[in-house]
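A short worksheet on the structure shown next.
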Amino acid sequence: MHSSPLLPSPPENEAELLQRAQRLAGQTFAALAAQLNLPIPPNLKRDKGWVGMLLELHLGASAGSKAEQDFAHLGIELKTIPVDAQGKPLETTFVCVAPLTGNSGVTWETSHVRHKLARVLWIPIEGDRGIPLADRRVGSPLLWHPSEEEEQQLREDWEELMDMIVLGQVERITARHGAWLQIRPKAANSKALTEAIGQHGEPIMTLPRGFYLKKSFTGPLLARHFLM
DNA sequence: TTTTGATCATAT
DNA sequence: ATATGATCAAAA
């Protein structure tokens with residue numbers, strides 16, 4: 001037996017999306033799950049993307065989607081971000097997979113990172129593990145786009161990291177590189193491998209990586225929102 | 001306590 | 001294996 005939840009259709013425009021997001025603010029995960037007849041996992045250990053999917057469903061994002069923005073017709077990407085009681089991020093934010101091959105001619109202007117971060121609807125969520133998942137609440141949404149200064153720094157980080165990838169130094173990249181963007185593993189486990197460029201230009205197999213936004217970037221971004 | 005590297009589920 | 005959604009947890 002399965003339920004027949006009433007799923008929201010994609011929002012017609014930006015105002016409708018924001019209205020829906022603001023309507024979710026203050027609600028508990030239990031309440032949102034109940035509205036869709038979804039079971040609540042005991043914790044996020046084996047359901048790390050559960051909250052993100054829950055909000056996607058409520059906002060009418062294309063579930064199980066392709067490599068695109070969540071609301072492609074609006075040019076908006078949805079990101080849930082776990083925060084503590086002070087509103088500070090508890091985790092970094094995954095942006096997209098880092099391309100390790102086929103990068104000749106790729107520029108910041110055409111990069112997936114720039115596209116994904118062009119417009120982001122940030123939705124803070126309570127992430128304190130001391131709060132039962134069902135009791136955690138959704139915060140107030142923030143529709144953001146990078147300022148010229150922000151984009152410039154993101155671009156510098158991206159270019160530094162992509163240079164290392166293209167020059168066959170992917171295995172020398174650590175999470176310490178980049179001011180706001182970092183590259184870290186993004187894989188099922190440490191045995192998963194993907195093709196990359198070795199230090200002598202030869203093909204090598206290495207751990208898949210992803211671009212992430214550091215907390216030192218998202219923290220102030222959210223703080224401006226809540227202090228205003 | 002914070003950060004970095006590792007990992008989990010699902011769909012294609 | 002790659003894409004989506006991320007958080008976990010060992011190490012610093």
Query raised in the report: Within region A:129-145, is even one residue in contact (Cβ under 8 Å) with a residue 12 or more places away in the chain, within 16 Å of DNA strand B (Cβ to nearest atom), part of a helix (DSSP H, G or I) and closer than 18 Å to A:Gly52 by Cβ?
Result: yes
Query raised in the report: Is one or more of the residues making up region A:39-48 under 18 Å from A:His225 (Cβ atoms) and open to solvent by less than 50 Å² (accessible area, probe 1.4 Å)?
Result: no
**Report entry** Positions within region A:36-59 being part of a loop (DSSP other than H, G, I, E, B) and acidic (Asp, Glu), in sequence order
**Finding:** A:Asp47
Query raised in the report: For region A:183-212, how many residues are buried (at least 19 other Cβ atoms within 10 Å of the Cβ) and out of contact with any helix residue (DSSP H, G or I) (no Cβ under 8 Å at 6 or more places or on another chain)?
Result: 1
**Report entry** Selected residue (criterion: most open to solvent (accessible area, probe 1.4 Å)) from residues of region A:80-128 that are part of a helix (DSSP H, G or I) and basic (Lys, Arg)
**Finding:** A:Arg114
Requested in this report: State all residues of region A:71-89 that are touching a residue at least 24 places away in the same chain (Cβ under 8 Å), closer than 27 Å to A:Ser111 by Cα and either within 10 Å of DNA strand B (Cβ to nearest atom) or not basic (Lys, Arg) (or both); if no residue qualifies, say none.
Outcome: A:Phe71, A:His73, A:Leu74, A:Gly75, A:Ile76, A:Glu77, A:Leu78, A:Thr80, A:Ile81, A:Pro82, A:Pro89
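One line per residue, one yes/no per condition, for (1) part of a strand (DSSP E or B); (2) more than 15 Å from DNA strand B (Cβ to nearest atom); (3) polar (S, T, N, Q); (4) within 19 Å of the chain's Cα centre (by Cα):
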{"site": "A:Glu159", "(1), (2), (3), (4)": "no, yes, no, no"}
{"site": "A:Met162", "(1), (2), (3), (4)": "no, yes, no, no"}
{"site": "A:Thr174", "(1), (2), (3), (4)": "no, no, yes, no"}
{"site": "A:Ala179", "(1), (2), (3), (4)": "no, no, no, yes"}
{"site": "A:Gln182", "(1), (2), (3), (4)": "yes, no, yes, yes"}
{"site": "A:Asn189", "(1), (2), (3), (4)": "no, no, yes, no"}
{"site": "A:Ala192", "(1), (2), (3), (4)": "no, no, no, no"}
{"site": "A:Phe217", "(1), (2), (3), (4)": "no, no, no, yes"}
Query raised in the report: Could you give every pair whose Cβ atoms fall below 7 Å, whose first residue belongs to region A:29-50 and is within 15 Å of DNA strand B (Cβ to nearest atom), and whose second residue is among the acidic types (Asp, Glu), counting only separations of at least 6 or pairs across chains?
Result: A:Pro41/A:Asp47
Report task. Please identify the pairs in which a residue from region A:203-214 that is in a strand (DSSP E or B) has its Cβ atom under 6 Å from the Cβ atom of a residue that is near DNA strand C (Cβ under 10 Å from one of its atoms) and of a type in the set (D, E, K, R), counting only partners at least 6 apart or on another chain. Result -> A:Pro203/A:Glu195; A:Arg209/A:Lys186; A:Gly210/A:Lys186; A:Tyr212/A:Arg184
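The values are calculated or read from the model by the stated rules, or taken from the named source; none is laboratory data. In this text, all values refer to a predicted model and were calculated from it rather than measured experimentally. For neighbour counting, all protein chains shown are included, and Cβ atoms are generated from backbone atoms with ideal geometry for every residue, glycine included. All accessible areas refer to the heavy atoms of the entire protein, side chains included, with ligands and DNA or RNA removed. Shrake-Rupley method; radii C 1.70, N 1.55, O 1.52, S 1.80 Å.
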